[in-house]
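What follows is a set of notes on a single structure, which appears directly below.
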Amino acid sequence: MIDKLEMFLALANERHFGRAAEVCHVTQPSLSSAIKQLEDQLGVQLVYRGSRFQGLTPEGERVLDWARRIVADGRALRDEMRAVRSGLTGNLRIGVIPTALPMVAGLTESYTRRHPNVRISILSRTSGEILSGIERLELDAGVTYLDNEPLGRVSTVPLYTEFYRLLCAPTLPVAGRDQVAWAELTDLPLCLLTADMQNRRIIDQHLADAGVRITPQIESNSTITLMTYVMTGQWVSILPKRLADLFADGHRLRAIPLVSPEAEHQVGLVTAFRSPHTPLVEALLEVARRFDR
């Protein structure tokens with residue numbers, strides 16, 4: 001039954017029979033047949049059928065919750081038995097908010113040193129996509145903010161505290177400052193992350209608290225793109241300290257502390273709330289607890 005539940009999960013995630021079949025590496029008729037067999041076994045209709053996928057029935061939604069738990073347990077069992085036979089192997093999928101991408105190397109470097117046979121996929125995702133991906137079993141873990149928006153039912157391990165810096169070219173007048181207050185950003189030409197990013201929502205809230213209303217001329221979901229605009233000398237940006245420090249060398253770019261107040265937020269590892277975790281995830285949690293903050 002677990003194989004059929006895996007196919008049902010793929011269909012619920014992809015919401016398309018053809019794409020779900022590709023994910024499961026089976027033909028579309030084989031997937032449709034497996035779903036029908038699962039319905040026969042459970043005695044309920046799971047999927048509204050038509051010329052295309054039309055959604056899950058109420059019974060299908062209930063089965064989806066059970067399917068996630070059963071499939072997660074099945075995968076954990078397989079991973080644990082594989083670890084018993086040959087140590088940790090497999091693929092660990094980690095979703096990371098864009099502003100934390102440069103910092104995740106420190107976490108995963110320690111992990112791969114201890115477990116060299118594990119492959120790690122680092123995927124840039126928004127905070128919402130990380131939580132959804134963990135729930136849908138598409139991600140094993142995530143690195144995101146812990147203290148700004150509801151996380152739901154997940155396990156968390158704090159990794160570091162995020163502070164903010166104004167990043168600018170040294171040719172701008174503001175570059176000579178030792179610090180800048182949030183309230184002073186009104187007239188600066190800002191380029192920022194897009195509004196779907198939690199970092200942007202945090203920044204917007206701090207600006208609003210300081211009485212600042214801004215409409216950035218440039219927005220992007222890529223921090224690298226923001227860097228290229230700042231380097232032109234025409235724009236400034238607001239980035240976490242650890243990320244800004246990677247680019248600020250005093251010659252091409254400067255990173256100036258933002259104060260009044262100096263805002264701080266917790267970034268950490270999140271995983272599904274379950275016990276036991278898969279061996280791959282449990283090993284990641286162990287590394288995270290020892291992470292050098």
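The values are calculated or read from the model by the stated rules, or taken from the named source; none is laboratory data. Quantities reported herein were computed from a predicted structural model and do not represent experimental measurements. When we count neighbours, we look across all protein chains shown, and the Cβ atoms used for this are built from the backbone with ideal geometry, even at glycine.
Numbers below:
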| item | result |
| --- | --- |
| Extreme residue, farthest from Ile70 (Cα to Cα), among residues of the stretch 1-53 that are among the β-branched types (Val, Ile, Thr) and free of Cβ contacts under 8 Å to residues at least 24 places away in the same chain | Thr27 |
| The lone exception for Asp140 - which of (1) of a type in the set (Asp, Glu); (2) touching a residue at least 12 places away in the same chain (Cβ under 8 Å); (3) not assigned by TED's automatic domain parsing to the domain that holds Arg125 it fails | (3) |
| Looking only at the stretch 253-273, and only at residues there that are at pLDDT below 85 and at negative phi, the one that is surrounded by the most Cβ atoms within 10 Å (Cβ to Cβ) | Ala263 |
| Residue ranges of strands (runs of 3 or more DSSP E) in the stretch 229-293 with at least 3 members among the β-branched types (Val, Ile, Thr) | 265-272 |
| Residues being under 14 Å from Pro257 (Cβ atoms) and charged (D, E, K, R) - total across the stretch 137-174 | 2 |
| Candidates Leu166, Leu207, filtered to the one that is touching a Leu at 6+ places or on another chain (Cβ under 9 Å), modelled with pLDDT of 90 or more and not in a helix (DSSP H, G or I) | Leu166 |
| Subset of the stretch 31-42 [in contact with a helix residue (DSSP H, G or I) (Cβ under 7 Å, 6 or more places away or on another chain) and either farther than 16 Å from Leu56 by Cα or of a type in the set (S, T, N, Q) (or both)] | Ser32, Gln37 |
| Matching entry among Glu14, Glu59 (being in the same structural domain as Gly74 (by TED's automatic domain parsing), modelled with pLDDT under 90 and within 22 Å of Leu137 (Cα to Cα)) | Glu14 |
| Residue within the stretch 213-236 that is among the charged types (D, E, K, R) and either assigned by TED's automatic domain parsing to the domain that holds Thr126 or in contact (Cβ under 8 Å) with a residue 40 or more places away in the chain (or both) present | no |
| Verdict on Ile94 being outside the structural domain of Arg69 (by TED's automatic domain parsing), surrounded by fewer than 19 Cβ atoms within 10 Å (Cβ to Cβ), aliphatic (A, V, I, L, M) and not in a helix (DSSP H, G or I) | no |
| Within the stretch 175-194, considering residues that are in contact with a strand residue (DSSP E or B) (Cβ under 8 Å, 6 or more places away or on another chain) and under 11 Å from Leu258 (Cα atoms), the one surrounded by the fewest Cβ atoms within 10 Å (Cβ to Cβ) | Asp178 |
| Selection count, the stretch 73-91, where residues are aliphatic (A, V, I, L, M) and surrounded by 14 or more Cβ atoms within 10 Å (Cβ to Cβ) | 3 |
| Per-region count, the stretch 139-159, residues in contact with a helix residue (DSSP H, G or I) (Cβ under 7 Å, 6 or more places away or on another chain), farther than 15 Å from Arg274 by Cβ and surrounded by 17 or more Cβ atoms within 10 Å (Cβ to Cβ) | 4 |
| Complete set of residues in the stretch 19-45 that are loosely packed, with under 13 Cβ neighbours inside 10 Å and within 32 Å of the chain's Cα centre (by Cα) | His25, Thr27 |
| Sole exception among (1) part of a helix (DSSP H, G or I); (2) within 20 Å of the chain's Cα centre (by Cα) for Ile122, by number | (1) |
| First in the stretch 54-83 and on the phi > 0 side of the Ramachandran plot and in contact (Cβ under 8 Å) with a residue 60 or more places away in the chain, second anywhere and hydroxyl-bearing (Ser, Thr, Tyr) and surrounded by 13 or more Cβ atoms within 10 Å (Cβ to Cβ), Cβ under 9 Å, 6 or more apart | none |
